[in-house]
Amino acid sequence: MAYETIKVEIADRRATLTFNRPKIANAMNLLMMQELADCFEFLKDNPEVQILVIKGEGKMFSAGGDIKMMLTSGDPIDFEIIMGYITRMVLALYQLPMVTVAQIQGAAAGLGFSLALGCDVIVVEENSKLAMNFIGIGLIPDGGGHFFMKERVGITKAKQLIWQGNIMDPKEALDLGLIDQIVEEGEVEAAVDQIVGKFLASPILAVLETKAILHAQKLPELQRILEMEAAAQSRMRKTEDHLEGIKAFIEKRTQQFKGK
């Protein structure tokens, strides 16, 4: 399949999906969300692939949702389309019958971090930055961010991390259990290749059965959370705090939130 905003390579039971908008930090616009949904659904029905690596082109994994898209998608119908693509891509990612590995360098923020957290294994280069930073623009996590954070660290810690929206270094994220491995600068691709090799040399059909069993019982919960995120995000986008957060981001100044 041909894509404009992502690249997909399949060979020897491995697929590699690359976010391909490097000039704008691989931020996700509407087309990219649609292509990711289409790609994950395609891979879901591809029995030849047993492991998927997700990475970003250039120096960044993904900065999350495209701010320009947020500014121009004021129409409720546009927003409904956006959330529909996000729901499709997250559900397909979670149900992939393959091991998924996030290969992070540079930064993974917002929706980009949500997708990384949706992977089975997360490998991060030591100088990277990680952030579930929706709160900074008056929004809540989407892309299943609530679900994946809770699965990794538990409800209480997930709430605190989401409310803080801090930029984390890999060591902090590893200590929290948000990621699985830190590697030296320039070594992340080699480390992921090694992980891929070990999985492909293992009895991977048994590995995938375990994943299928554990994910099947959690799928209805993820579906409910995605529905709740879409409804809540719609409400948050109408708040004064969200508008202030976007303006402050663009103007590079501290936000002045009012709780409205």
Inset, instruction - Quick one: accessible surface of Met228, probe radius 1.4 Å, all protein chains present, in square angstrom to the nearest 10. - result: 130 Å²
Inset, instruction - Ignoring everything but the protein chains, give the 1.4 Å probe accessible area of Asp193 in square angstrom, nearest 10. - result: 70 Å²
Legend entry - With eigenvalues of the C-alpha gyration tensor scaled by 5 and rooted, region 159-260, Å: 37, 23, 11
Legend entry - Compactness of region 110-167, expressed as Rg and Dmax over alpha-carbon positions, Å: 10.8, 29
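Using a 10 Å cut-off on Cβ atoms, rank the peptides 238-247, 50-59, 216-225 from the highest mean neighbour count down.
Result, highest mean Cβ count within 10 Å first: 50-59, 238-247, 216-225.
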Inset, instruction - Please list the non-local residues whose amide H lies under 5 Å from the amide H of Ile122, H modeled 1.01 Å from N, same-chain partners needing a gap of 5 or more. - result: Ala102, Asp180, Gln181
Legend entry - In Hz, Karplus ³J(HN,Hα) per residue of region 3-14 (6.51, -1.76, 1.60; θ = phi - 60°; x = Gly, Pro): 10, 9, 10, 9, 10, 10, 10, 10, 6, 6, 6, 10
Inset, instruction - State which entries of Lys23/Lys129; Lys129/Lys258; Lys159/Lys252; Lys150/Lys198 exceed 21 angstrom in Cα-Cα distance in the structure shown. - result: Lys129/Lys258; Lys159/Lys252; Lys150/Lys198
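Sort Lys44, Lys23 from largest to smallest accessible area, using a 1.4 Å probe on the heavy atoms of the protein chains.
Ranked list, largest accessible area first: Lys23, Lys44.
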Legend entry - Vicinal HN-Hα couplings computed from phi for region 117-124 (Karplus, 6.51 cos²θ - 1.76 cosθ + 1.60; Hz; Gly/Pro x): 5, x, 8, 6, 9, 10, 10, 10
Inset, instruction - Would you pull out the residues with amide H under 5 Å of Gln50's amide H, same chain only if 5 or more places away, H placed 1.01 Å from N? - result: Arg14, Ala15
Legend entry - Convex hull volume per residue for region 1-105, taking Cα atoms only, in Å³: 91 Å³
Inset, instruction - Measure out, as a whole number of angstrom, how far apart the alpha-carbon centroids of region 139-218 and region 1-73 sit. - result: 18 Å
Legend entry - Cα extents of the chain along the three principal axes, largest first (Å): 55, 37, 37
Inset, instruction - Working from the alpha-carbon coordinates of region 52-190, get Rg over Rh, Rh being the Kirkwood radius. - result: 0.96
Legend entry - Residue-by-residue Karplus 3J(HN,Hα) for region 210-217, coefficients 6.51, -1.76, 1.60, Hz, glycine and proline x: 4, 4, 4, 5, 5, 6, 4, 6
Legend entry - Computed Rg/Rh of region 72-124, alpha carbon atoms with Kirkwood Rh: 1.07
Inset, instruction - Search the structure for amide H atoms under 5 Å from the amide H of Ala107, placed 1.01 Å from N in the peptide plane, and list their residues when 5 or more places away or on another chain. - result: Phe61, Ser62, Lys129
Inset, instruction - Would you tell me the accessible area of Val121, worked out with a 1.4 angstrom probe on the heavy atoms of the protein chains, in Å² to the nearest 10? - result: 30 Å²
Legend entry - Peptide ranges 36-43, 170-177, 123-130 listed from the most packed, as the mean C-beta count within 10 angstrom indicates: 123-130, 36-43, 170-177
Inset, instruction - Only helical DSSP H runs with n ≥ 4 go in: add -39500 (n - 2.57) per run for the chain, normalise by residue count and round the 222 nm mean residue ellipticity to 500 deg cm²/dmol. - result: -16000 deg cm²/dmol
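The values are calculated or read from the model by the stated rules, or taken from the named source; none is laboratory data. The shown structure was predicted, so the numbers you read here are calculated from the model rather than taken from an experiment. Methodologically, a virtual Cβ is constructed for each residue, glycine included, from the backbone with ideal geometry; neighbour enumeration extends over all protein chains shown. Areas reflect the complete protein model, heavy atoms only, side chains present, ligands, DNA and RNA absent. Shrake-Rupley method; radii C 1.70, N 1.55, O 1.52, S 1.80 Å.
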